[in-house]
Amino acid sequence: MTTFHCSAIKDTTKEVSQLLLGTNQFDFGQIDKNSKSIATVKIGLYNSGTTPVLILKADTSCKCVKTNFENDEIPPKGTAYLSISIETKELEGPFKKKVYLKTTAKNRVELIKISGNVTD
């Protein structure tokens, strides 16, 4: 009788978490540049997985757009916030800008669109 030994196969795949955004677009509406030189929105970032998600960087489509992270690591099932600010002093009329959020999540790059209308 032949005996076969079965050894456990080691799973080398690493689970990668999914990043969920509170929103992927935001409209600031009308902004009076004489009363408000910087407009800011906070967007929630939720890690739906079981491994941490690192925020690597946020690229913007314009120097007038700035980003700030509350934390650069989001724990499993945790939430963090991304602040997006737009400097309005050099803008006039309608605007559309983009933020490319790069992370270690399964969805490596997320596009966030912001828009509004700057008036005098």
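Things to note:
- Protein accessible area in the chain, 1.4 Å probe - carbon and sulfur %: 50
- For the chain, the solvent-accessible area with a 1.4 angstrom probe is 66 square angstrom per residue.
- Greater than 24 Å apart at Cα, pairs in LYS42/LYS102; LYS77/LYS106; LYS33/LYS102; LYS33/LYS66; LYS63/LYS106; LYS63/LYS96: LYS33/LYS102; LYS63/LYS106
- Cα-based reach from LYS36 at 17 Å (exclusive), listing aspartates and glutamates while leaving out same-chain residues under 8 positions away: ASP27, GLU87, GLU90, GLU92, ASP120
- Neighbourhood charge, 9 Å Cβ-Cβ cut-off, centred on THR119 and excluding it, Lys, Arg +1 and Asp, Glu -1: -2
The values are calculated or read from the model by the stated rules, or taken from the named source; none is laboratory data. Since this is a predicted model, take the numbers as computed values, not measurements. Cβ coordinates were reconstructed from backbone atoms using ideal geometry, including for glycine residues, and neighbour counts include every protein chain displayed. For the accessible areas, the whole protein counts, side chains as well, though only heavy atoms, and no ligand, DNA or RNA atoms are used. Shrake-Rupley method; radii C 1.70, N 1.55, O 1.52, S 1.80 Å.
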